[in-house]
Amino acid sequence: MTDSGRWRTALRTVPGVLRAELRPGRRDPLPRHRHLGRLAHGHIVLLGVLMGIWNLNTYARFMEPVPGAVSSAVLLLGAAPVLALVRPVAAWWFSTAVLWLLALVTESVFAGPWPWSIPSLALHALVLLLLALRVRPVAAATALAVTLLTGAGALLPHAPVAHPPSLGLGAVFLTAATVVGCSLRATRVSRARLVEQEVLTSEERARRALLEERGRIARELHDVVAHHMSVISIQAQVAPHLVADPTPELRENLAGIRQNAVDALTELRRVLGVLRGDGTAGEAAAGARHAPQPDLGRLGELLANVRAAGLDATAETRGEHRPLSPGTELSAYRIVQEALSNTMRHAPGARAVVRTHYHREGLTVRVTNTAPTRPPEAPAAGAGREPGHGLLGMRERTAMLGGELAAGPTPEGGWDVTAFLPAPLDPKDGP
């Protein structure tokens, strides 16, 4: 679209914008200030009262006594900024109408810098400011133009104007108030849009991290399930050779088991095998993607590694050790691994204790560290793990197994991570 086409489109939308923005019944309360709260509202009310008293005294110097109509109009004009706190458009229409009436009532006795007094101009400028804070600039400019035309129209019966410089000064005063209001509104809108964009960016980052962590978990579970399906296939193939003179029915059943295992393995690789493609280059180079997935049997090796890295870590085990499902073992290992990594990154000099508790309902893993002895070092640019492999990953693993995870600071200044992974004990396996 050309520039002229854009201008024509914009001009066609102006009447609709003005109807919507300058509708008298439109309610738009002035928002609270983020630092001052309602203090600004109180100042506006106080300013309206003081300016109203000043305005009444100004008219009293020219009109003795002040007619009741003028006194009423002055009081109503002082109330316009208060109304503008809630309904700025209605307040502007109301203030404009009152100013017109004041010009008609006082035209024969009052010769001010405009058809109105300086306090009247100040009150109307305040209303224009409050209006410009909440409507679009085109609507604020239209309101300013209507005000200026109203003032010029009120002066027509007095042509030639006795004090023409005052007319320009009043216009500058009202225009400045409108420009300031539009500028403040633009700043507020820009800040709100920036905050909104930051929230959207944060949500998108969290969503991407969640997907990455779920992909990582899916890769690991793919390895576990694929390993066991391969074992089933091999055992079904070897089983007939372990039986003397196996019957045709046995051979057929074992062949069916092997074929089902092979089909399931093929389908599993078809669905999840593509996740192999987003491993890191370092993992690929080290062959980590093809190594067997760890379990709690390698917890001692993990503790030895973190001790070598400078973390004072110990382990405690309660209950009778029993084998758990591969997914539970893997998730428990990864939770401990991530908790210890977080301790090394965020609590240098702290001591960590890894507690595993086997009970009838499942396994409880708890990793607690003391307060750090020195502040953590700032990560170098581009260094550190990708977001999403911390508490988010631990929560995903726990939720996947139907468990619960709690993490938070300790009263002593350390950090505690506790995960319950359900794995009910079969009643026939124990009392």
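The values are calculated or read from the model by the stated rules, or taken from the named source; none is laboratory data. None of the values given here were measured: they were computed from a predicted structure. Glycine also receives a Cβ, built like all others from the backbone with ideal geometry; neighbour counts cover every protein chain displayed. The accessibility values were calculated without ligands, DNA or RNA, using every heavy atom of the protein model including side chains. Shrake-Rupley method; radii C 1.70, N 1.55, O 1.52, S 1.80 Å.
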Matching residues, the stretch 318-353, being among the aliphatic types (A, V, I, L, M), in a helix (DSSP H, G or I), modelled with pLDDT under 90 and under 15 Å from A419 (Cβ atoms): L330
Would you be able to tell me the number of residues in the stretch 105-147 that are modelled with pLDDT of 85 or more and either under 18 Å from P15 (Cβ atoms) or open to solvent by 20 Å² or more (accessible area, probe 1.4 Å) (or both)? 16
From the option list A315, A284, A371, single residue qualifying as outside any strand (DSSP E or B) and modelled with pLDDT of 90 or more is A371
Positions within the stretch 389-406 being open to solvent by less than 40 Å² (accessible area, probe 1.4 Å) and assigned to a strand (DSSP E or B), in sequence order: L405
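Results for (1) hydrophobic (A, V, I, L, M, F, W, C); (2) surrounded by 14 or more Cβ atoms within 10 Å (Cβ to Cβ); (3) under 20 Å from L330 (Cβ atoms), shown as yes or no for each residue.
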{"position": "L184", "(1), (2), (3)": "yes, no, no"}
{"position": "T187", "(1), (2), (3)": "no, no, no"}
{"position": "S190", "(1), (2), (3)": "no, no, no"}
{"position": "Q197", "(1), (2), (3)": "no, no, no"}
{"position": "L200", "(1), (2), (3)": "yes, no, no"}
{"position": "E203", "(1), (2), (3)": "no, no, no"}
{"position": "L210", "(1), (2), (3)": "yes, yes, yes"}
{"position": "R216", "(1), (2), (3)": "no, yes, yes"}
From T178, T187, T247, residue being over 30 Å from R397 (Cα atoms) and in contact with a helix residue (DSSP H, G or I) (Cβ under 7 Å, 6 or more places away or on another chain): T178
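Per-residue answers, yes or no, for (1) of a type in the set (S, T, N, Q); (2) without any contact (Cβ under 8 Å) to a residue 60 or more places away in the chain; (3) touching a Leu at 6+ places or on another chain (Cβ under 6 Å); (4) farther than 30 Å from A132 by Cβ:
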position: L169; (1), (2), (3), (4): no, yes, no, no
position: A176; (1), (2), (3), (4): no, yes, no, no
position: R185; (1), (2), (3), (4): no, yes, yes, no
position: S190; (1), (2), (3), (4): yes, yes, no, no
position: S230; (1), (2), (3), (4): yes, yes, no, yes
position: I234; (1), (2), (3), (4): no, yes, no, yes
position: P248; (1), (2), (3), (4): no, yes, no, yes
position: A255; (1), (2), (3), (4): no, yes, no, yes
